[in-house]
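The values are calculated or read from the model by the stated rules, or taken from the named source; none is laboratory data. This structure is a prediction, so every number in the text was calculated from the model and none was measured. All Cβ positions, glycine included, derive from the backbone under ideal geometry; neighbour counts span all protein chains shown. Accessible surface is based on the protein model in full, side chains and every heavy atom, while ligands, DNA and RNA are left aside. Shrake-Rupley method; radii C 1.70, N 1.55, O 1.52, S 1.80 Å.
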Amino acid sequence: DTAVSQTPKYLVTQMGNDKSIKCEQNLGHDTMYWYKQDSKKFLKIMFSYNNKELIINETVPNRFSPKSPDKAHLNLHINSLELGDSAVYFCASSQDRGVAFFGQGTRLTVV
Amino acid sequence: AQSVSQHNHHVILSEAASLELGCNYSYGGTVNLFWYVQYPGQHLQLLLKYFSGDPLVKGIKGFEAEFIKSKFSFNLRKPSVQWSDTAEYFCAVRGPMFSGGYNKLIFGAGTRLAVHP
């Protein structure tokens, strides 16, 4: 069973479109994250939610809007996609100060 | 500024060679330290972690790391690498002094390891 699952795995879209990436964890964790990995493999935190409440928002453009309908889900909606948004987006979850478990990633390509 | 430094960006080794990857962080006080591995095309997986206690921690696949508080370092080691260790390795730090506290895991830039048979 996949602990942290993201859909879709690949996403190719045109500039200006709006898209969503979904994330679900079945670990019972109360904290979920979105990370962006750029072409140089650098990982940067974007958002963190704890029990459906936003804890961290790391100067991400407001075109990116996370939504946590419940503590097992953290979706990422992106408006007006730009070329620079192309990256791999990783969802992760953790419990309290435990280890963070990562999803398989969503490779977003904006053309 | 909060930072995690990995000094080696790209390491090339032959099988059976020993490995040491450097990681330094720029914070004082209590920290949690991690090493993650990302195999080509895959997600991040935990290799090992340090929260407290014995500063020499052992992880999966023969990896170990040593926390040296005075040097703000958490270097990763493996005595004999295999071709299957080819991957990207990330050091990460988490602590109460960061904005967002323990909810924020900060990664280094990563080290790409290539092991040749």
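Numbers at a glance
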read-out	value
Among (1) within 14 Å of chain B (Cβ to nearest Cβ); (2) without any contact (Cβ under 8 Å) to a residue 24 or more places away in the chain; (3) over 18 Å from B:Arg94 (Cβ atoms); (4) open to solvent by less than 50 Å² (accessible area, probe 1.4 Å) - the single one A:Asn50 does not satisfy	(3)
Failed criterion for A:Tyr89 (all others in (1) assigned to a strand (DSSP E or B); (2) open to solvent by 70 Å² or more (accessible area, probe 1.4 Å) hold)	(2)
Among (1) part of a loop (DSSP other than H, G, I, E, B); (2) at pLDDT below 95; (3) of a type outside the set (Val, Ile, Thr); (4) on the phi < 0 side of the Ramachandran plot, the one test that B:Ser80 misses	(2)
Sole residue being within 18 Å of A:Glu24 (Cβ to Cβ) and modelled with pLDDT under 90, chosen from A:Asn51, A:Asn75	A:Asn51
From B:Val37, B:Val57, B:Val115, residue being farther than 20 Å from A:Lys41 by Cβ and of a type outside the set (Ser, Thr, Tyr)	B:Val57
Residues that are part of a loop (DSSP other than H, G, I, E, B) and among the aliphatic types (A, V, I, L, M), drawn from segment A:92-111	A:Val99, A:Ala100, A:Val111
Restricting segment B:7-21 to residues that are assigned to a loop (DSSP other than H, G, I, E, B) and either open to solvent by less than 10 Å² (accessible area, probe 1.4 Å) or of a type outside the set (S, T, N, Q) (or both), the residue that is farthest from B:Ile68 (Cα to Cα)	B:Glu15
Any hit, segment A:3-17, residues being at pLDDT 95 or above and surrounded by 21 or more Cβ atoms within 10 Å (Cβ to Cβ)	yes
Single residue of B:Val57, B:Val4 found to be open to solvent by less than 50 Å² (accessible area, probe 1.4 Å) and in contact (Cβ under 8 Å) with a residue 40 or more places away in the chain	B:Val4
Matching residues in segment B:22-60 - criterion: being away from chain A (no Cβ under 14 Å) and outside any loop (DSSP other than H, G, I, E, B)	B:Asn24, B:Tyr25, B:Leu56, B:Lys58
Failed item, numbered, when A:Lys41 is tested on (1) within 13 Å of another protein chain (Cβ to nearest Cβ); (2) at negative phi	(2)
The one condition in (1) within 11 Å of chain A (Cβ to nearest Cβ); (2) within 10 Å of the chain's Cα centre (by Cα) that B:Glu64 fails to fulfil	(1)
